[in-house]
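Structure, as structure tokens:
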Protein chains: 2
Amino acid sequence: MDDSARLDATFQALSDPTRRAILARLARDGDVSVMELAEPFAMSQPAISKHLKVLEKAGLVSRGRDAQKRPVHLEAQPLAEATGWLIDYRKYWQAQFGRLDDLLDELQKLEAAAGKN
Amino acid sequence: MDDSARLDATFQALSDPTRRAILARLARDGDVSVMELAEPFAMSQPAISKHLKVLEKAGLVSRGRDAQKRPVHLEAQPLAEATGWLIDYRKYWQAQFGRLDDLLDELQKLEAAAGKN
DNA sequence: CATATAAATAACTATATGGTTTTGTAACTG
DNA sequence: CAGTTACAAAACCATATAGTTATTTATATG
């Protein structure tokens, strides 16, 4: 898989709110089993397993083994690559916020208002 | 469209190499007509128009009017929001970059100065 | 007015995506 | 060994996506 295809897979994986929520959960709680991940969602276990397969193909998670459980682990490398792509555009989006600290302020407002996705 | 849906649309728009190339072209050359955008691709004009519709729905481009031409303009706001989402994971991906460029340096300085994290 | 250019729209096709329910399997437990 | 838990795999369905060719619309020009 070349760089472009990896970015395809990463952005595609990030384009679903369930998958972003899974990543957020892993960032908060560390490794989590599939059942524990599925619990908050109004969705069947196989649906979550499918989302995990998408995340795994993008390299955003890896799987371990603990008895019957397959703990899911966050892998940040693709997030770094996606960020790297976006950083090339910073001169365009920086202007939207004026200065960097304005960006941070804006982010905090967005998160406070949205309750973090 | 709420924050989550906007992120969906943004990441989904960014998940295609043709659309990323279009954004890169607009960042380099400024506003560009549809025909000029289509030229480098082995793809029909309607296919490019469809990609532009995806980008426009995500708010990543806007359209002007110049005689028959509909110049395409880069809109960076959604890139800022996507970057904002990724920045929440920086502690995971920071290690991946050796020497970071000025954005991240500045981010770290700001945070250090503010006594955060 | 007739024609050319730029782009959008329509109609169609093939494949991908996101969900379901059902079934299968690997590992523990009594 | 029988049952349970945790998960994956299969089969199916509806909708979305990415492309095509053909047609239409808007604007400009001879």
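A short reminder: the numbers here are calculations on the coordinates, not readings from a lab. Because the structure is predicted, anything quoted here is derived from the model rather than measured. Cβ atoms come from the backbone with ideal geometry, glycine included; neighbour counts cover every protein chain shown.
For the stretch A:62-72, in order, what is each residue's ³J(HN,Hα) by Karplus, 6.51 cos²θ - 1.76 cosθ + 1.60 with θ = phi - 60°, in whole Hz (x at glycine and Pro)?
After applying 6.51 cos²θ - 1.76 cosθ + 1.60, I find 10, 10, x, 9, 9, 6, 6, 7, 10, x, 9 Hz.
Let me check against my output: what whole-number percent is the relative contact order of the stretch A:3-85, with C-alpha pairs under 8 Å and at least 6 apart?
Relative contact order for the stretch A:3-85 comes out at 36 percent.
Out of residues 5 or more away from A:VAL61 or on other chains, whose amide H comes under 5 Å of its own, with H placed 1.01 Å from N in the peptide plane?
So A:VAL61 has HN proximity to A:GLU56, A:GLU75.
So which of A:LYS53/B:LYS91; A:LYS57/B:LYS50; A:LYS53/A:LYS91; A:LYS69/B:LYS53; A:LYS53/B:LYS50 end up more than 32 Å apart by C-alpha?
A:LYS53/A:LYS91; A:LYS69/B:LYS53
Quick query: amide H of A:SER33 versus all other amide H atoms, modeled in the peptide plane; which residues come in under 5 Å with a sequence gap of 5 or more or a different chain?
Placed amide hydrogens put A:VAL72 under 5 Å from A:SER33.
May I ask you to evaluate 6.51 cos²θ - 1.76 cosθ + 1.60, the Karplus curve with θ = phi - 60°, for each residue of the stretch B:3-14 and list the ³J(HN,Hα) values in order in whole Hz, giving x for glycine and proline?
Per residue, the Karplus-derived 3J(HN,Hα) values read 4, 5, 5, 5, 5, 3, 5, 5, 5, 5, 4, 7 Hz.
Output wanted: per-residue J couplings in Hz (rounded whole) for the stretch B:79-91, from phi through Karplus 6.51 cos²θ - 1.76 cosθ + 1.60, θ = phi - 60°, x for Gly and Pro.
Working through the residues one at a time gives 5, 5, 5, 5, 4, x, 4, 5, 4, 4, 9, 4, 5 Hz.
Of all trypsin sites (Lys or Arg not before Pro) in the stretch B:29-81, which ones are in loop regions per DSSP and have a Cβ with at most 10 other Cβ atoms within 10 Å?
Answer by residue number: B:ARG65.
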